[in-house]
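The values are calculated or read from the model by the stated rules, or taken from the named source; none is laboratory data. Only a predicted model underlies this, so the values are computations on that prediction, with no experimental measurement involved. FYI the Cβ positions are ideal-geometry reconstructions off the backbone, even for glycines, and counts take in every protein chain you see. Remember, those area values only see protein heavy atoms, side chains included, never the ligands or the DNA or RNA. Shrake-Rupley method; radii C 1.70, N 1.55, O 1.52, S 1.80 Å.
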Amino acid sequence: MTDAAAPDAAPADGAEGGKKRFSGKKLLIILVPIVLLAIGGGAAWFFGFLGGEEKHEEAEAPPPPPPPTTLYNLPDLLVNLSLAQRGRGNFIKLTASIEVVEADIPEFEDAMPRIIDTFVTYLRELRPEDLRGSVGLMRLREEMLVRVQAAARPARVTDVLFREMLVQ
């Protein structure tokens, strides 16, 4: 008898009964990308990268336009600055405009004495060095805005604009 006729002999090419088996490496090469794609797709769906958020953004209403404002001119302020050194005193002359929501002008006008007092008190504490350069002017604008918003409440003040400023 020959080897091919023996019933106990295993096929030489590794196939059993005509079926091919995948080796561990081939199975790993096929399954790893499938698992990674499934995880990536699940994460994308969870975090809304596949367009789930667009529906919510389209459903939101656009923000309302800001209320109309008007500029209110303050009277000129002439204030002596804090004495940093002995000798001559320094003065500041400030002309400013305040941007106020139009509907709040009556409340703003009622608070005008308090606003002027707040500005004069703040300006008297400044030294000439505090007003030097663009950084000094920006700091002055921010401080005045905070103070006018507090003094004019409930009126809504949105900005302080300098028309003229002289420091002597």
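Counting only residues that are among the acidic types (Asp, Glu), modelled with pLDDT under 90 and assigned to a helix (DSSP H, G or I), the stretch 116-147 holds 2 of them. Of the listed requirements (1) assigned to a helix (DSSP H, G or I); (2) within 19 Å of ASP76 (Cβ to Cβ); (3) more than 30 Å from the chain's Cα centre (by Cα), LEU166 misses just one: (1). The sole residue among PRO65, PRO75, PRO113 that is under 30 Å from ARG127 (Cα atoms) and either open to solvent by 90 Å² or more (accessible area, probe 1.4 Å) or modelled with pLDDT under 80 (or both) is PRO113. The residue pairs whose first member lies in the stretch 141-157 and is under 13 Å from VAL101 (Cα atoms) and touching a residue at least 60 places away in the same chain (Cβ under 8 Å), whose second member is open to solvent by 10 Å² or more (accessible area, probe 1.4 Å) and not in a loop (DSSP other than H, G, I, E, B), and whose beta carbons are closer than 6 Å, counting only pairs six or more residues apart or on different chains, are ARG156/ASP104. Here is a check on your reading of the model: is ARG156 at negative phi and modelled with pLDDT of 85 or more? Yes, satisfied.
Listed by first and then second residue, the pairs with beta-carbon distance under 8 Å, at least 6 apart or on different chains, first residue in the stretch 106-135 and within 15 Å of ILE92 (Cα to Cα), second among the basic types (Lys, Arg) and surrounded by fewer than 16 Cβ atoms within 10 Å (Cβ to Cβ), are ASP130/ARG139. Look at THR158 and say whether it is open to solvent by less than 60 Å² (accessible area, probe 1.4 Å), polar (S, T, N, Q) and closer than 25 Å to THR70 by Cα. No. In the condition set (1) at pLDDT below 90; (2) open to solvent by less than 70 Å² (accessible area, probe 1.4 Å), ALA96 is compliant with all but (1).
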